[in-house]
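Have a look at the structure below, then the notes.
The values are calculated or read from the model by the stated rules, or taken from the named source; none is laboratory data. Computed from a predicted structure; not experimentally measured. Cβ atoms come from the backbone with ideal geometry, glycine included; neighbour counts cover every protein chain shown. Heads up: the accessible areas ignore ligands, DNA and RNA and are worked out on the full protein's heavy atoms, side chains in. Shrake-Rupley method; radii C 1.70, N 1.55, O 1.52, S 1.80 Å.
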Amino acid sequence: MAHEETIRYKATIAYDGTDFSGFQVQPSERTVQGEMEAVLKKINKGKFIRLHPSGRTDAGAHAAGMVFHFDYTRKIPEKGLFKAINTLISPDISLLKLERVADDFHARYHAKGKTYIYRIHNHELRDPFKRNFAYHHAYQIDKDRVEKALDILIGTHDFTSFCSTKTDKENKIRTIYDIVVEHDRESDEWQFIFYGNGFLYNMIRIIMGTVLPIADGRKEVEEMFKILEARDRNAAGKTLSANGLCLEKVHY
């Protein structure tokens with residue numbers, strides 16, 4: 001039997017992660033990867049297609065620009081495949097872009113960095129319309145204290161203190177290129193924008209759980225340096241919920 005020609009596609013998707021058990025496929029759980037692979041299998045007349053993501057997202061976390069690649073064995077025009085996927089996929093996922101790439105392209109290994117945003121709704125009252133997309137923090141946030149604390153984390157460091165003990169990664173050294181803090185007074189929303197070469201399991205959520213007590217005055221700015229140097233998960237703050245976290249972009 002002749003080998004069937006394949007075409008490698010790079011896909012960019014957005015999704016509301018509220019009802020997903022994360023991106024990566026898991027037995028008996030609803031995941032973004034599982035949904036996408038089921039759609040591709042249907043389009044491919046029952047033949048399974050494995051997709052290869054740029055990374056993972058936690059249960060409840062969102063994405064505005066998750067990237068993955070896959071090899072497709074049928075010669076459906078690119079526009080037709082794009083339309084078919086968006087027609088069949090569930091409404092909490094949207095395929096934003098589909099492009100043909102070189103056969104050696106890899107969504108994970110060719111990624112140069114990632115941008116994440118963590119959103120905080122900073123008001124004394126909860127907003128039910130924001131509960132799935134922002135973490136509610138009722139106490140005052142001091143921007144100057146926040147920026148000074150987060151500046152300590154910029155650069156190349158061992159981020160063991162800010163990594164879940166459940167991680168499978170032995171190397172905890174990562175580089176954060178920049179962290180930008182933005183505040184919209186009208187919406188009471190704070191955005192913490194992290195740009196780095198990669199992030200450990202729960203890393204941003206733990207950083208946020210550590211910086212908020214500094215932001216509202218319960219801890220001093222200097223504590224962030226001590227926590228970083230400790231290389232001990234027990235030294236850092238709690239892991240904030242995933243609802244405020246969104247993968248914005250994968251850089252190539």
Problem set entry | Unique match (being aliphatic (A, V, I, L, M) and under 19 Å from the mean Cα position of the chain (by Cα)) among Ala138, Ala149, Ala59 | Ala59
For this session: Please list, ordered by first then second residue, the pairs with beta carbon atoms under 6 Å, 6 or more apart or interchain, first in segment 63-85 and at negative phi, second surrounded by 14 or more Cβ atoms within 10 Å (Cβ to Cβ) and part of a helix (DSSP H, G or I).
Result: Ala84/Ile43; Ile85/Val39
Exercise. Of the residues that sit in segment 1-20 and are surrounded by fewer than 19 Cβ atoms within 10 Å (Cβ to Cβ) and touching a helix residue (DSSP H, G or I) at 6+ places or on another chain (Cβ under 9 Å), which one is nearest to Leu81 (Cα to Cα)?
Worked result: Ile7
Exercise. Any residue in segment 95-107 that is part of a loop (DSSP other than H, G, I, E, B), among the aromatic types (Phe, Trp, Tyr) and surrounded by fewer than 16 Cβ atoms within 10 Å (Cβ to Cβ)?
Worked result: no
Exercise. Filtering segment 69-93 down to residues that are closer than 28 Å to Lys130 by Cα and either of a type in the set (A, V, I, L, M, F, W, C) or surrounded by 15 or more Cβ atoms within 10 Å (Cβ to Cβ) (or both), which residue is farthest from the chain's Cα centre (by Cα)?
Worked result: Leu88
Exercise. Only one of these conditions is not met by Gly217: (1) touching an Asp or Glu at 6+ places or on another chain (Cβ under 8 Å); (2) open to solvent by 50 Å² or more (accessible area, probe 1.4 Å); (3) more than 21 Å from Lys166 (Cα to Cα). Which number is it?
Worked result: (2)
Seminar exercise, completed: Listed by first then second residue, the pairs whose first member lies in segment 149-168 and is in contact (Cβ under 8 Å) with a residue 40 or more places away in the chain, whose partner is assigned to a strand (DSSP E or B), with beta carbons under 6 Å and at least 6 positions apart or on separate chains, are Leu150/Ile179; Leu153/Ile176; Asp158/Ile173; Phe159/Arg174
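Condition test on Glu35, is it surrounded by fewer than 16 Cβ atoms within 10 Å (Cβ to Cβ), closer than 25 Å to Ala242 by Cβ and either free of Cβ contacts under 8 Å to residues at least 60 places away in the same chain or aromatic (Phe, Trp, Tyr) (or both)? I'd like the intermediate steps shown before the answer.
Details: surrounded by fewer than 16 Cβ atoms within 10 Å (Cβ to Cβ): no; closer than 25 Å to Ala242 by Cβ: yes; either free of Cβ contacts under 8 Å to residues at least 60 places away in the same chain or aromatic (Phe, Trp, Tyr) (or both): yes.
Judged against the criteria, Glu35 is not a match.
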Problem set entry | Output for segment 144-170, where each listed residue is open to solvent by 80 Å² or more (accessible area, probe 1.4 Å) and at pLDDT 95 or above | Asp144, Lys148, Asp151, Thr156
Seminar exercise, completed: In segment 70-96, residues that are among the hydroxyl-bearing types (Ser, Thr, Tyr) and at pLDDT 95 or above total 3
Problem set entry | Residues located in segment 123-143, provided they are open to solvent by less than 80 Å² (accessible area, probe 1.4 Å), closer than 20 Å to Val211 by Cβ and touching a helix residue (DSSP H, G or I) at 6+ places or on another chain (Cβ under 7 Å) | Ala134, Tyr135, His137, Ile141, Asp142
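If only one of Ile206, Ile120, Ile176 is without any contact (Cβ under 8 Å) to a residue 24 or more places away in the chain and buried (at least 18 other Cβ atoms within 10 Å of the Cβ), which one is it? Let's see the steps before the verdict.
Details: Ile206 fails: without any contact (Cβ under 8 Å) to a residue 24 or more places away in the chain; Ile120 fails: without any contact (Cβ under 8 Å) to a residue 24 or more places away in the chain.
Result: Ile176 is the single residue among Ile206, Ile120, Ile176 that is without any contact (Cβ under 8 Å) to a residue 24 or more places away in the chain and buried (at least 18 other Cβ atoms within 10 Å of the Cβ).
Please find, among Gly46, Gly60, Gly22, Gly55, the residue that is among the small types (Gly, Ala, Ser), in a loop (DSSP other than H, G, I, E, B) and over 30 Å from Leu240 (Cα atoms). Quick ask: steps written out before the conclusion?
Working: Gly60 fails: over 30 Å from Leu240 (Cα atoms); Gly22 fails: over 30 Å from Leu240 (Cα atoms); Gly55 fails: over 30 Å from Leu240 (Cα atoms).
It is Gly46.
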